[in-house]
Amino acid sequence: MTQTAAERAAEILREHRASIDRLDAILVYTLGERFKHTQTVGRLKAQHDLPPSDPDREARQIARLEELARDADLDPEFAKAFLQFIIQEVIQHHKKQQQ
């Protein structure tokens, strides 16, 4: 039996969505792992009375991520905004750890 164009399109759509679901899981687990490390960094900063933010490192990280985004054919501005969001979350966690 031959698939219709609509059936083939639906099958391709399912395959792409399954890949997207797997990638979403990878992103969530990767962010979880990243935040475990940043929480450890936050505790270390709090123990040694270091500032919760390191603007020089943040700028280097943003520039690095923009370059990675270009290499990955991802909009560098999106990557920058995404990392800035993550950095702000980390800084908020670090500030809480210093209280």
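Read the figures in this text as sums done on the coordinates, not as results from a lab. Source: prediction; values computed, not measured. For neighbour counting, all protein chains shown are included, and Cβ atoms are generated from backbone atoms with ideal geometry for every residue, glycine included.
Structure notes:
- Exposure proxy ranking, count of Cβ atoms within 10 Å, fewest first, for Asp54, Asp73, Asp21: Asp73, Asp21, Asp54
- Coupling constants for segment 78-89 follow from the phi torsions by the Karplus curve (6.51 cos²θ - 1.76 cosθ + 1.60, θ = phi - 60°), and in residue order they are 5, 4, 4, 4, 4, 5, 4, 4, 4, 4, 5, 5 Hz; glycine and proline get x.
- 3J(HN,Hα) from dihedral phi, segment 21-29, Karplus parametrisation 6.51/-1.76/1.60, rounded to Hz, x for glycine, proline: 4, 5, 5, 4, 4, 4, 4, 5, 5
- Relative exposure of Ile26, Ile86, judged by other C-beta atoms within 10 Å (fewest first): Ile26, Ile86
- Three-way shape label, segment 5-76, alpha-carbon gyration tensor, a/c 1.5: oblate
- To the nearest ten degrees, helix 55-71 and the longest principal axis of the Cα atoms of the chain are 20 degrees apart.
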